[in-house]
């Protein structure tokens, strides 16, 4: 028998006890302050990077100000759009070229982005969005991944697909 296995087993019990105690303290603290539990689908908004990413997409698509969104939130020196449809994947563009191309590609005022999930892990922000168009178009599903460094967006990936009228993609996210 490995001499460390007993120590690891005892440490595991000790760590489990600490974890349970910390959870209990957190539960008591949140109930004492009257704070409602956060919607874990949007838990990323509790971080600066999550708020920055949401504010960028909101200004760009919901407020229809793509140039202002790029000026405010995107790195002027190190931005790369890695999406398969982007020309900058094969040939990097200047900040101004990318900003102008994205501005021309921005949907009209009848489109709204509804944030369903925002998850943050360090410098990476994952957003799951329902793109809502005018009826009867059911819209589309959009997944955006952004890397944020020094308070600016440096990398952008996204995937999107049209929704079918009876799609259940977002079912259960409102629980």
Next item on the list: Please report the Cα spread of the range 40-162 along all three principal axes, rounded to whole Å, starting with the longest.
Entry: 40, 32, 24
Check: Going by how many other beta carbons lie within 10 Å of each one, how would you line up 157, 60, fewest first?
Finding: 157, 60
Next item on the list: Determine, for 166, 158, the number of other Cβ atoms within 10 Å of each Cβ, and report the residues in order from fewest to most.
Entry: 166, 158
Margin query: Run the simple label-point estimate for residue 40 and residue 103 please: 7 Å along Cα→C-beta, distance reported in nm.
Written below: 4.3
Check: Hey, rough spin-label estimate for residue 114 and residue 132, points 7 angstrom out along Cα→Cβ, what's it come to in nanometres?
Finding: 0.5
Next item on the list: Before anything else, pin down the relative contact order of the range 40-162: Cα pairs under 8 Å, at least 6 apart, normalised by residue count, whole percent.
Entry: 27
Next item on the list: Rank the residues 70, 115, 95 as a footprinting-exposure proxy: fewest other Cβ atoms within 10 Å of their Cβ go first.
Entry: 95, 115, 70
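Values quoted throughout were computed directly from the atomic coordinates according to the rules given, and no laboratory measurement underlies them. As the structure is a prediction and not an experimental result, all values here were calculated from the model. Reconstructed Cβ throughout: ideal geometry from the backbone, glycine too, with neighbour counts over all protein chains shown.
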